[in-house]
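Quick notes on the structure that follows.
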Amino acid sequence: MFLKPRIVNNRFSDIKMGFQKNPYTKDIARVYDENAIKQSVVNLVLTKQGEIPFKPWKGTKIHGLLFENYSPVIEHEITKEVEYVLEQEPRIRLIGVESSFDEMKQTYFIKIKFVIINTDRETSTTIPLKRVR
């Protein structure tokens, strides 16, 4: 289950996905601003469609596509899935999604470029997608 990120003093805030403790407060550590948004972007891409209760449309069908043989068509489908899910994220403005396939590692690398709302700075993150059996 996903916890909804909250805005603190016009800052984006979310829990750290490793659930590490804050050494001072002994509470779950938090990430802020750009790191919180990047973490949310990765989580949205890696969420399977139908996995979030009461929001069956959220997420992607990427996990099923990873087990198909590589082709430019599959790579295009993965890119479109990522674009579709991130266009629904209200905290970012998507600039573009680039994908590449490393044949030796059998891994897709998805580079996502976006601008966080209310900032002018372009940000990017890269997500490796690999088959896991």
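General observations
- Once both labels are positioned 7 Å from their Cα atoms along Cα-to-Cβ, the gap between ARG131 and LYS26 label points is 4.8 nm.
- Gained length - LYS105 relative to PHE54, 0.36 nm times residue gap less alpha-carbon distance: 14.8 nm
- For LYS105, the solvent-accessible surface computed with a 1.4 Å probe is close to 110 Å², ligands and nucleic acids excluded.
- Size of electric dipole in the chain: Cβ of Lys, Arg +1 and of Asp, Glu -1, about Cα centre, debye, nearest 20: 660
- Furthest towards positive pole of dipole, PRO56, TYR84, GLN20, structure part segment 1-102, Cβ charges: GLN20
- Per-q log10 I(q)/I(0), the chain, q = 0.09, 0.11, 0.18, 0.21 Å⁻¹ (Debye; single scatterer per alpha-carbon; no solvent): -0.29, -0.44, -1.06, -1.30
- With DNA, RNA and ligands ignored, accessible area of ARG11 (1.4 Å probe; Å², nearest 10): 100
- Protein heavy-atom surface of segment 58-133, 1.4 angstrom probe: 50% of the accessible area is carbon and sulfur, with nucleic acids and ligands not counted.
The values are calculated or read from the model by the stated rules, or taken from the named source; none is laboratory data. Note that the coordinates shown come from a computational prediction; the quantities given were computed from them, not determined experimentally. Cβ sites come from the backbone with ideal geometry, for glycine too, and all protein chains shown count toward neighbours. Please note that ligands, DNA and RNA were not included when accessible areas were found on the heavy atoms of the full protein model with its side chains. Shrake-Rupley method; radii C 1.70, N 1.55, O 1.52, S 1.80 Å.
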